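**Q** There's a structure below that I have some questions on.
The values are calculated or read from the model by the stated rules, or taken from the named source; none is laboratory data. Model, not experiment: these values are computed from the prediction. Cβ: placed from backbone, ideal geometry, glycine included. Neighbour counts: every protein chain shown. What goes into the accessible areas is simple: the full protein's heavy atoms, side chains included, and nothing from ligands, DNA or RNA. Shrake-Rupley method; radii C 1.70, N 1.55, O 1.52, S 1.80 Å.
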Number of protein chains: 2
Amino acid sequence: MEQKIQLKESDIPRQWYNLAADLPTPPLPPLGPDGNPVTPDMLTPVFPMNLIEQEVSTKRWIDIPEEVLNILYRWRPTPLRRAVNLEKHLKTPARIYYKDESVSPPGSHKPNTAVPQAWYNKQFGIQRLTTETGAGQWGSALAFACKLIGLECKVFMVRISFDQKPFRKLMMQVWGAKCIASPSTETNAGRTILAQMPDTPGSLGIAISEAIEAAVTDPTGKTRYSLGSVLNHVLLHQTIIGLEAKKQLQSVGEKLPDIVIACAGGGSNFAGLAFPFTTDKINGANIEIMPIEPTACPKMTRGPFSYDHGDTACMTPLLPMYSLGHAFVPQPIHAGGLRYHGMAPLVCQGIVEGLFKPKAYKQTKCYESAMTWTQTEGTICAPETSHAIAAVIDEAVKAREEGKKKVILFNYSGHGLMDLVGYDNYLSGKLRDIEMPEDELFKYTKDLEKFPKAPMRKTGQW
Amino acid sequence: MEQKIQLKESDIPRQWYNLAADLPTPPLPPLGPDGNPVTPDMLTPVFPMNLIEQEVSTKRWIDIPEEVLNILYRWRPTPLRRAVNLEKHLKTPARIYYKDESVSPPGSHKPNTAVPQAWYNKQFGIQRLTTETGAGQWGSALAFACKLIGLECKVFMVRISFDQKPFRKLMMQVWGAKCIASPSTETNAGRTILAQMPDTPGSLGIAISEAIEAAVTDPTGKTRYSLGSVLNHVLLHQTIIGLEAKKQLQSVGEKLPDIVIACAGGGSNFAGLAFPFTTDKINGANIEIMPIEPTACPKMTRGPFSYDHGDTACMTPLLPMYSLGHAFVPQPIHAGGLRYHGMAPLVCQGIVEGLFKPKAYKQTKCYESAMTWTQTEGTICAPETSHAIAAVIDEAVKAREEGKKKVILFNYSGHGLMDLVGYDNYLSGKLRDIEMPEDELFKYTKDLEKFPKAPMRKTGQW
């Protein structure tokens, strides 16, 4: 059997899959400041109407525009690979497949939504997108998409990353984006913070506030904001991952996987791989679906299910989700993409329903797993991806112990070539798991009590 | 038509192509210190006999071991892609195809030879390889290969790169190699230099001397040295690139390319793509084959054809090649892989024969071309690869002016994700073309006069 399972461009999925059509109980609606559900019109200063329509859609299948496909062809369909060397190393009877999203030019799954978001904005007559970025993975993906589609792009990058991680910033600049350290003097939000704390290292919360403000205050009305995870339309665009994987598995005679695994920060790479298989689970297939998070930011495994804001500055609507509170600041683990206080509402509703079984891993265990991966499969994974690999190894060992020939599928969401400092810390013995005391971990969940209750509506039996 | 032309693993070439079998006049032999041809036995302290046999072989086809193929499958066959977006941008009738060697885990073509070299050494009972590296591209490829095959690996890295470019060093360490700043205290060569110049930034010449010394002085006899370019067996291993490309072109109905282009430092990525088409040219096909070099190191376009040492410290045999003299130190251009004073003897003999037409480009023009590439095709290329792209753009524009539907094939030898500093310098206007005065450029070619003459034996008419 070939280790790399290809799919022809002509066999690429031509529609995205929308889990909202099939969830036994749909997620609760986002709420505005007055506690009432947000209407599409209220979102128009921030997003173009064609994306808002996707955000609220309950249609099962949504066409992927031909022009979007023409750009995705630069790297899609991505290969599905079989990790035969890891299987041998673990002496497992499990067959381990992984979808290799690291092959995109920015090196992760992020451009799967950056490209359609840029395209729909361009169609709507928008000329400029703003966004925020932490370590730079999302910012570089949006810069890439805007360059190819012909939009200006402004990225507010958390200052500490801007100063300490110059390479992602350089990627954005090569793709023509303007990358600004946040807090900046370009927005009221930024100026206010700088006046109070001139030496602040910045935060994702502040950067989101600046990016939204820069979009909504543009007097020409030709600027909108773009988000790289959490929202329904973002997850929708990522489902091309799982739809391709399904075709590829079938092409080598595998019906369905027994276990589906992906790391989850805001939820988009997990949803992208898992949602197309979730529909099979809803229809009776026996599939374990596991979003993996760091123990340093354990919203899915330990956080309450509640309404909360998506950003620290409370500019977004209230979303129904597992959350540690919008003011929560996790330990500075290397997996920057998993340091988000909340989780996509569609993923959260799946957890409430029992469709998804989240699991948390410590950073050192993840780096240990990443090293096992590197020394068997040969590639260097992103710190976020190492969380999925840690869970894959555990499941493969369990399959060995149980003597079961399970099919494990996971998302290789990104490469780690821009994140080698974490490996250096691990190899030189500097990496530690700093456990946060319970009271610190849950310090901000009491803020959630002031928001409307989010009832755990559950119908399914899985 | 698909933009990405795949090849199945089952269709991978199973033999390497050896141009030495078909060159109208074979290259002159390497000479020892006494001026007599080097015999295979004399090389045994440095290389294992199975690789020495490949080095001196004139067999046309040499089998690729199954176990080597099993490792190459991790990223091979590599895609052949059509640069449709660059074509549109240039409004050229030319069809531009590129072989994407950037998809290997270390990010370049280098593992194509690192893997078989490690494998043959392991077969021969060797336990440890030494090598040198400048910016780290080759060192990381050999570290990767040794990890997968089960050899120890020690890399002497030029000190200035070791200090200034920590990321390639980290890649080597992740793959388990020991990476040492050169000059080091581990060898006589290193200690001697350090005693004279404690603050030296090091050089590739010194690093080669240290790596060879570390191999030949190991009392267990279980250590050998590995070189990443120049030698016949290294070029041989790279021919899998061109052999795959030929099958892929044929699969989309292209008979042969009209133009074949690759950058050339020591010559291995150029040879890898070009040699399988050179045999067609020898047999009458009308193909222009162009190795591209930087004007900062113009050995092929301006250097004399002569016998010279492969390293600064004169430890290697004398090789017949175009050379600027083994003591030549080029300007510090970002394309570190093209800063070598000589060129592979097989490539040089092809130039003498008129089979290859070398061309030189200035650094600023190359970065300008790299930016055109990034903004059309979307990926960020290595500074070395940008030299090939500069020539491709010139040929595509010429095809437009002549109204000719030419087929241009080039080697996308590596990505530039570890080389973003050069882009930063270009974008911020700091990049300059520093022209070396003629007397400095040719200062060391007079050293060549003391070596045996290398007659320009030429039989072909191309």
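**Q** Quick test of your reading of the structure: B:Met1 fulfils all but one of (1) among the aliphatic types (A, V, I, L, M); (2) within 14 Å of chain A (Cβ to nearest Cβ); (3) more than 30 Å from B:Cys146 (Cα to Cα); (4) under 22 Å from the mean Cα position of the chain (by Cα). Name the failing condition by number.
**A** (4)
**Q** Considering (1) assigned to a helix (DSSP H, G or I); (2) over 16 Å from B:Phe410 (Cβ atoms), say which one B:Asp311 fails and leave the rest.
**A** (1)
**Q** Look at region B:294-318 and say how many of its residues are open to solvent by less than 20 Å² (accessible area, probe 1.4 Å) and aliphatic (A, V, I, L, M).
**A** Here is the first cut: in region B:294-318, the ones open to solvent by less than 20 Å² (accessible area, probe 1.4 Å) are B:294, B:296-300, B:303, B:306-308, B:310-311, B:318.
Then keep just the ones that are aliphatic (A, V, I, L, M); that gives B:296, B:300, B:318.
Qualifying residue count, region B:294-318: 3.
**Q** Looking at region A:7-14, is at least one residue farther than 23 Å from A:Gly107 by Cβ and away from every other protein chain (no Cβ under 14 Å)? Let's see the steps before the verdict.
**A** First, pick out the residues of region A:7-14 that are farther than 23 Å from A:Gly107 by Cβ: A:8, A:10-11, A:14.
Subset that is away from every other protein chain (no Cβ under 14 Å): A:14.
Yes, some residue in region A:7-14 is farther than 23 Å from A:Gly107 by Cβ and away from every other protein chain (no Cβ under 14 Å).
**Q** If only one of A:Leu90, A:Leu72 is open to solvent by less than 60 Å² (accessible area, probe 1.4 Å), within 14 Å of chain B (Cβ to nearest Cβ) and either at pLDDT 95 or above or in contact with a Phe, Trp or Tyr (Cβ under 6 Å, 6 or more places away or on another chain) (or both), which one is it?
**A** Working: A:Leu90 fails: within 14 Å of chain B (Cβ to nearest Cβ).
Exactly one residue qualifies, and that residue is A:Leu72.
**Q** Which of the strands (runs of 3 or more DSSP E) contained wholly in region A:1-116 include at least 3 residues that are without any contact (Cβ under 8 Å) to a residue 40 or more places away in the chain and touching a Ser or Thr at 6+ places or on another chain (Cβ under 8 Å)? Outline the logic, then answer.
**A** Numbers: elements: A:15-17, A:61-63, A:80-82, A:95-100.
Counting at least 3 such residues, we get no strands (runs of 3 or more DSSP E) at all.
**Q** Follow-up question, since we're still on this one. What about A:Gly354, is it crowded, with 23+ Cβ neighbours inside 10 Å and closer than 30 Å to A:Tyr322 by Cα?
**A** Details: crowded, with 23+ Cβ neighbours inside 10 Å: no; closer than 30 Å to A:Tyr322 by Cα: yes.
Judged against the criteria, A:Gly354 is not a match.
**Q** Would you be able to say whether some residue in region A:171-187 is free of Cβ contacts under 8 Å to residues at least 40 places away in the same chain, more than 11 Å from chain B (Cβ to nearest Cβ) and closer than 16 Å to B:Ile380 by Cα?
**A** Here is the first cut: in region A:171-187, the ones free of Cβ contacts under 8 Å to residues at least 40 places away in the same chain are A:172-178, A:180-181, A:183-187.
With the extra rule that they be more than 11 Å from chain B (Cβ to nearest Cβ), the set shrinks to A:177-178, A:180-181, A:183-187.
Going one step further and asking which of them are closer than 16 Å to B:Ile380 by Cα, we end up with A:177.
Yes, the conditions are met somewhere in region A:171-187.
**Q** Among the residues in region B:150-163, are any assigned to a helix (DSSP H, G or I), within 14 Å of another protein chain (Cβ to nearest Cβ), farther than 24 Å from B:Val56 by Cβ and open to solvent by 10 Å² or more (accessible area, probe 1.4 Å)? I'd like the intermediate steps shown before the answer.
**A** Taking region B:150-163 and keeping what is assigned to a helix (DSSP H, G or I), we get B:159-163.
Those left that are additionally within 14 Å of another protein chain (Cβ to nearest Cβ): B:162.
Now narrow it down to the ones that are farther than 24 Å from B:Val56 by Cβ: B:162.
Among the residues that remain, those that are also open to solvent by 10 Å² or more (accessible area, probe 1.4 Å) are: B:162.
Among the residues of region B:150-163, at least one is assigned to a helix (DSSP H, G or I), within 14 Å of another protein chain (Cβ to nearest Cβ), farther than 24 Å from B:Val56 by Cβ and open to solvent by 10 Å² or more (accessible area, probe 1.4 Å), which makes the answer yes.
**Q** Determine whether A:Arg81 is under 19 Å from A:His233 (Cα atoms), open to solvent by 20 Å² or more (accessible area, probe 1.4 Å) and modelled with pLDDT of 95 or more.
**A** On the way: under 19 Å from A:His233 (Cα atoms): no; open to solvent by 20 Å² or more (accessible area, probe 1.4 Å): yes; modelled with pLDDT of 95 or more: yes.
For A:Arg81, the condition - under 19 Å from A:His233 (Cα atoms), open to solvent by 20 Å² or more (accessible area, probe 1.4 Å) and modelled with pLDDT of 95 or more - is not met.
**Q** Sticking with this one: Can you confirm whether B:Glu132 is of a type outside the set (Gly, Ala, Ser) and away from chain A (no Cβ under 14 Å)?
**A** Spelling it out, B:Glu132 is indeed of a type outside the set (Gly, Ala, Ser) and away from chain A (no Cβ under 14 Å).
**Q** Still on this model: Going through A:Gly221, A:Gly202 one at a time, which residue ends up being open to solvent by less than 30 Å² (accessible area, probe 1.4 Å), farther than 30 Å from A:Leu23 by Cβ, among the small types (Gly, Ala, Ser) and assigned to a loop (DSSP other than H, G, I, E, B)?
**A** Working: A:Gly221 fails: open to solvent by less than 30 Å² (accessible area, probe 1.4 Å).
Step by step, each of A:Gly221, A:Gly202 is checked, and only A:Gly202 is open to solvent by less than 30 Å² (accessible area, probe 1.4 Å), farther than 30 Å from A:Leu23 by Cβ, among the small types (Gly, Ala, Ser) and assigned to a loop (DSSP other than H, G, I, E, B).
**Q** Related question: Of the residues that make up region A:449-456, is at least one modelled with pLDDT under 95, assigned to a loop (DSSP other than H, G, I, E, B), open to solvent by 80 Å² or more (accessible area, probe 1.4 Å) and away from every other protein chain (no Cβ under 13 Å)? Please lay out each step first, then the result.
**A** Initial filter on region A:449-456 (modelled with pLDDT under 95): A:449-456.
Those still in the list that are assigned to a loop (DSSP other than H, G, I, E, B) too: A:451-456.
Going one step further and asking which of them are open to solvent by 80 Å² or more (accessible area, probe 1.4 Å), we end up with A:453, A:456.
Those left that are additionally away from every other protein chain (no Cβ under 13 Å): A:453, A:456.
There is at least one residue in region A:449-456 that is modelled with pLDDT under 95, assigned to a loop (DSSP other than H, G, I, E, B), open to solvent by 80 Å² or more (accessible area, probe 1.4 Å) and away from every other protein chain (no Cβ under 13 Å).
**Q** Out of the residues in region A:182-199 that are open to solvent by less than 10 Å² (accessible area, probe 1.4 Å) and assigned to a loop (DSSP other than H, G, I, E, B), which is farthest from A:Gln137 (Cα to Cα)?
**A** Start the filter on region A:182-199 by keeping residues that are open to solvent by less than 10 Å² (accessible area, probe 1.4 Å), which leaves A:182-184, A:187, A:190.
From what is left, the residues that are assigned to a loop (DSSP other than H, G, I, E, B) are A:183-184, A:187.
Details: A:Pro183: 19, A:Ser184: 20, A:Thr187: 23 Å.
Among them, the one singled out is A:Thr187.
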